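Report on one structure; see the data block that follows.
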Amino acid sequence: MRKNDLHPDIYVPVEFEGIIAVSLPMRAVIQQIMEAASSDIPVLVTGETGTGKELVAAAIHNRGKRKNKPYVPVNTGAMAPELIASELFGHEKGAYTGALDARAGLFEQAHGGTIFLDEISTMDDKTQASLLRVLEEKIVRRVGSVKDIHVDVRVIAATNENIDEAVEQKRFREDLYYRLDVFRIHLPPLRARPGAVTLLTDHFVSYFDSIYKKNVRAVPLGTYRCLRRYPWPGNVRELKNVIQRAVLMAKGEELTPDLIPARIREGAGSNSDSQVLPIHLGMTLQAVEKEFIQMTLASTGGNKKEAAAILGISRRALYNKLKRHGLLKEKNHGTKRGLSGKIRGATEGVESKD
Ligand SMILES: Nc1ncnc2c1ncn2[C@@H]1O[C@H](COP(=O)(O)OP(=O)(O)OP(=O)(O)O)[C@@H](O)[C@H]1O
Ligand SMILES: [Mg+2]
């Protein structure tokens, strides 16, 4: 990630293989990714749409011992049903009308590496049965062939549906489920990740600012506020799209709330729009640090443990900084009263879950 123009030198978001993980639940996810990468067992990644399941699967591969071998993502839900078998397992010449040449399937292509089976809950019965066979016997047979081909492939699967329910309702084979659900990584929805909206916003602003060669340098507090109040059913993907559009449309140095679609702004107080996060070039590092600490506390609803985790410092270090910046009355450690009026203002309306 390039240097962040919004908060120069102040924070380094916890970034792992392109995954920004600032909240405690996401840090736990990073830990699980590292554990999964150090072994070769099947992994099942679950989580709502847009929570980053594809990023996690790729990270496990890229950090594991198969990293220099193929990584093959597969979404059978997006394939024509009559072609799934030939896509996955390959075919011989003339196996069906249109099979002009023999072709290796995705499993063969992934040999030595990893296959990422996305949206597994949409897989039809027939594909489930043949997949089970491959996983059990580690051999594939091309359509129209009698020859068994050995494949050494690590399997990572993902679903945004409740897979346990699909098994209960017999829509998904239980035996296949047990083969896939060996090590499970669940991605929490964005609305359950404290502080994540603020820092992901900064990350995407920097990213799209650089791609579109814009000059966005600040995100007003009012913008953060309406972004934090929205429940993000489409999770990080939805936030990313909203920021992409906002940066693209931005005229000046600020990402003002009017650049955020009305459906997301709805519910945010109208007077909040005038508050601007006062960070700009030319400020001292001390002043920037103070503003940034205030902003982080605002994003955690005043929770100092969470804020310290986001800032990458100990709670003690945060207290010391709060004291130094006059943001904490000495005899009032740990209470909201101890914070300056400014922070109280900033935390107003911040939902506790964010
Ligand atoms: N923690 C994160 N940090 C940075 N970018 C993220 C993060 N999580 C998700 N994204 C981005 O959000 C978008 C959606 O992520 P991804 O495609 O992995 O979601 P998904 O869980 O596979 O969703 P679906 O179930 O709809 O397929 C991608 O552009 C991805 O780069
Ligand atoms: Mg996906």
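The alpha-carbon of Lys93 sits under 18 angstrom from the alpha-carbons of these aspartates and glutamates, leaving out residues fewer than 8 places away in its chain: Glu82, Asp101, Glu108, Asp148.
In the structure shown, the pairs Lys69/Lys138; Lys126/Lys170; Lys53/Lys214 are assessed against 19 Å; a Cα-Cα span above that value is assigned to Lys53/Lys214.
By DSSP, the beta bridges lying fully in region 24-187 are antiparallel in about 15 percent of cases. The H on the amide N of Ile139, modeled in the peptide plane, is under 5 Å from the matching H of Val151, each at least 5 residues off or on a different chain.
Put Tyr224, Tyr207, Tyr230, Tyr212 in order of accessible area, highest first, and with a 1.4 Å probe you get Tyr207, Tyr212, Tyr230, Tyr224. Taking θ as phi - 60° and the Karplus parameters 6.51, -1.76 and 1.60, the scalar couplings of region 153-166 work out to 9, 7, 10, 10, 10, 9, 8, 9, 9, 6, 5, 4, 5, 4 Hz in sequence order, x denoting glycine and proline. For region 24-187, the per residue solvent-accessible surface stands at 49 Å², with DNA, RNA and ligands left out and a 1.4 Å probe.
Across the alpha-carbon atoms of region 24-187, the computed radius of gyration and Dmax are 15.8, 54 angstrom. Computed from the C-alpha gyration tensor, the three semi-axes of the ellipsoid equivalent to region 47-87 are 23, 17, 5 Å, from longest to shortest. Each residue of region 94-99 was assigned a 3J(HN,Hα) from its phi angle through the Karplus curve 6.51 cos²θ - 1.76 cosθ + 1.60 (θ = phi - 60°); the sequence is x, 4, 8, 4, x, 7 Hz, with glycine and proline shown as x. A simple count of charges around Arg66, restricted to other residues whose Cβ falls under 14 Å of its Cβ and scoring Lys, Arg +1 and Asp, Glu -1, yields +3.
The values are calculated or read from the model by the stated rules, or taken from the named source; none is laboratory data. As the structure is a prediction and not an experimental result, all values here were calculated from the model. Here Cβ is always computed from backbone atoms with ideal geometry, including for glycine, and neighbour counts include all displayed protein chains. Areas reflect the complete protein model, heavy atoms only, side chains present, ligands, DNA and RNA absent. Shrake-Rupley method; radii C 1.70, N 1.55, O 1.52, S 1.80 Å.
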